[in-house]
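These notes concern the structure reproduced below.
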Amino acid sequence: MRLGLHALGIGTGADRAVIDAVASAADDIGFATLWAGEHVVMVDRPESRYPYSDDGVIAVPAQADWLDPMIALGFAAAASSRISIATGVLLLPEHSPVTVAKQAASLDRLSGGRLTLGVGVGWSREEFDALGVPFERRGARTAEYVDAMRVLWRDDVASFAGEFVNFDSIRVNPKPVRDRRIPVVVGGNSDAALRRVARWGDGWYGFNLDGVAEARDRLGALGRLCAESGRDRRELRVAVALVSPRVDDVAALAELGVDELVLVESPPEDADAVRSWISGLADRWTI
């Protein structure tokens, strides 16, 4: 069981010195992955319901600093040498897929092939409205964008004709390090999200799951959906973050086929305190 850390980009994790310290210490001590999520826009009084809490309200205050995850992970990659980096998640339908393909390939190249691109469809209508992107059919848009990005990463001269994106005979360089592919992990816990994983994802990032029981339920659903799509769930990378993880959960999650438990934590404000904080997490989770 690998151990990941979702600690960068928000609040105290948006400070340059803290990012450097977290990336360096987590790399040295043996964490598997550094995760960073995204919201381009936050609003003070959202009408959209946040899907990862019982009360439908996101815990991050609207006025908090929230870095672009590609930029935050670029700094983390520069301060480390082995640890993987992952968006958890990038709200893909809010962006141009051609631009994201180039940004992701650039970050993958500069990090030596350490990037996993976690993507989600988004939940905040207010955010989509502010960006001028239709909220409806965002799932279909996301799937097509992933198809288009994979073509851009693979082909020297790329063409694509779809409902949401079209390009003809273009070159987008650099190419990703690992056989011109970047793993695309899908976020979201709903049946619709798991269906996306089964149809076109390289893995699943289950976020804020209510313990091992919900992880078991969602993985069972994912297994059934993979079978319907003619895929083997064991070929997918599975990372989960639990609401209140316990050390005893590790063995149960491993038995379910989870590859990585992601700890969602806020680093200390003082960069000088980060290494002892990381060491404390490692001691508790026996890295």
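Quick notes on this one:
- When each of Gly211, Gly139, Gly203 is tested for being under 15 Å from the mean Cα position of the chain (by Cα) and touching a residue at least 24 places away in the same chain (Cβ under 8 Å), the lone residue that passes is Gly203.
- Checked against (1) more than 21 Å from Leu152 (Cβ to Cβ); (2) over 17 Å from the mean Cα position of the chain (by Cα), Thr99 passes all but a single condition, namely (1).
- Positions within region 17-34 being within 12 Å of Val274 (Cβ to Cβ) and either touching a Phe, Trp or Tyr at 6+ places or on another chain (Cβ under 9 Å) or of a type in the set (A, V, I, L, M) (or both), in sequence order: Ala17, Val18, Ile19, Asp20, Ala21, Val22, Ala23, Ala25, Ala26, Ile29
Per-residue answers, yes or no, for (1) open to solvent by 30 Å² or more (accessible area, probe 1.4 Å); (2) basic (Lys, Arg); (3) part of a helix (DSSP H, G or I); (4) modelled with pLDDT of 95 or more:
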site: Ile71; (1), (2), (3), (4): yes, no, yes, yes
site: Gly74; (1), (2), (3), (4): no, no, yes, yes
site: Ser80; (1), (2), (3), (4): no, no, no, yes
site: Pro93; (1), (2), (3), (4): no, no, yes, yes
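- Residue within region 261-281 that is free of Cβ contacts under 8 Å to residues at least 60 places away in the same chain and surrounded by 21 or more Cβ atoms within 10 Å (Cβ to Cβ) present: no
- Residue check for Ser276: more than 20 Å from the chain's Cα centre (by Cα), under 24 Å from Ala7 (Cβ atoms) and not basic (Lys, Arg): yes
The values are calculated or read from the model by the stated rules, or taken from the named source; none is laboratory data. Owing to the predicted nature of the structure, the values given are computational and were not obtained by experimental measurement. As a convention, Cβ positions derive from the backbone with ideal geometry for all residues, glycine included, and neighbour counts pool all protein chains shown. To get the accessible areas, we keep the full protein, side chains included, count just its heavy atoms, and leave off ligands, DNA and RNA. Shrake-Rupley method; radii C 1.70, N 1.55, O 1.52, S 1.80 Å.
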